[in-house]
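Inspection log for the structure reproduced underneath, given as structure tokens.
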Amino acid sequence: DQQVKQNSPSLSVQEGRISILNCDYTNSMFDYFLWYKKYPAEGPTFLISISSIKDKNEDGRFTVFLNKSAKHLSLHIVPSQPGDSAVYFCAASFSNTNAGKSTFGDGTTLTVKP
Amino acid sequence: KAGVTQTPRYLIKTRGQQVTLSCSPISGHRSVSWYQQTPGQGLQFLFEYFSETQRNKGNFPGRFSGRQFSNSRSEMNVSTLELGDSALYLCASSVQGTGETQYFGPGTRLLVL
């Protein structure tokens, strides 16, 4: 049973427009969520996170929204730039256990066209 | 601060061989986690070490093992390699490993022939 799902394997948007990447989770005990960006031949790079006590977190062009009742989070990138083209992974973890692990989705490949 | 480093970056092995991968975490980070990424798959959690102890383990066979040294550096070992072990192996470090941001290394790409 996959606990974190990214149902869109790919997304293509025009430069300057908004990119919206979605992620669903099944375990209601997750309380810390992260987005990572990954370029080919590199490890994932942390982008932005959100705790379950919040429903929104902003960092520059990146905003993450969390809807706990729907067990859904989304990453908004505004405006999108060609350099944002990468694979985006959402991840979920528990803040109150010494798990040391995050559960990742399969990733969404974002292509931003000039 | 230097980031997470992994060695080697690329490795080619044959079936039946064993392999050891190394990870040096960010200075001050005591938690090191290992993940496997195969084509079309997300990151699958292998195990996590904290203060030289394995705290959590994913659903991988016993051929996959690891250890952590007193300086927090970690090694991962895969014995009796199979073709399906070909993957990108990533390690990630964090300060405590308790639901915080993990910082990833560039990965070791393993090809099993």
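The values are calculated or read from the model by the stated rules, or taken from the named source; none is laboratory data. Values in this document were obtained by computation on a predicted structure and should not be read as measured data. As a convention, Cβ positions derive from the backbone with ideal geometry for all residues, glycine included, and neighbour counts pool all protein chains shown. Each accessible area value is taken on the protein alone, full model and side chains, heavy atoms only, with ligands, DNA and RNA left out. Shrake-Rupley method; radii C 1.70, N 1.55, O 1.52, S 1.80 Å.
Numerical summary
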{"quantity": "Selection within region B:12-39 - away from chain A (no Cβ under 14 Å) and of a type outside the set (Lys, Arg)", "calculated": "B:Ile12, B:Thr14, B:Gly16, B:Gln17, B:Gln18, B:Val19, B:Thr20, B:Ser22, B:Ser27, B:Gly28"}
{"quantity": "Subset tally (residues that are at the interface with another protein chain (Cβ under 8 Å from one of its Cβ atoms) and touching a Ser or Thr at 6+ places or on another chain (Cβ under 6 Å)) for region B:77-91", "calculated": "0"}
{"quantity": "Strands (runs of 3 or more DSSP E) wholly inside region B:1-49 containing at least 1 residues that are among the charged types (D, E, K, R)", "calculated": "B:10-13"}
{"quantity": "Within region A:2-98, strands (runs of 3 or more DSSP E) holding 2 or more residues that are free of Cβ contacts under 8 Å to residues at least 40 places away in the same chain", "calculated": "A:45-51, A:56-59, A:62-67"}
{"quantity": "Hits in region B:102-111 - residues which are away from chain A (no Cβ under 13 Å) and either open to solvent by less than 10 Å² (accessible area, probe 1.4 Å) or within 11 Å of the chain's Cα centre (by Cα) (or both)", "calculated": "B:Leu110"}
{"quantity": "Region A:53-90 - residue that is surrounded by fewer than 16 Cβ atoms within 10 Å (Cβ to Cβ) and of a type in the set (Val, Ile, Thr) and, of those, nearest to B:Gln41 (Cα to Cα)", "calculated": "A:Val78"}
{"quantity": "Residues located in region B:56-101, provided they are over 13 Å from the mean Cα position of the chain (by Cα), in contact (Cβ under 8 Å) with a residue 60 or more places away in the chain and open to solvent by less than 30 Å² (accessible area, probe 1.4 Å)", "calculated": "B:Leu81, B:Ser94, B:Gly97"}
{"quantity": "Checking B:Ala92 against (1) more than 15 Å from B:Leu46 (Cβ to Cβ); (2) part of a strand (DSSP E or B), the condition it does not meet", "calculated": "(1)"}
{"quantity": "Region A:25-50 - residue that is away from every other protein chain (no Cβ under 11 Å) and not aliphatic (A, V, I, L, M) and, of those, surrounded by the fewest Cβ atoms within 10 Å (Cβ to Cβ)", "calculated": "A:Ser28"}
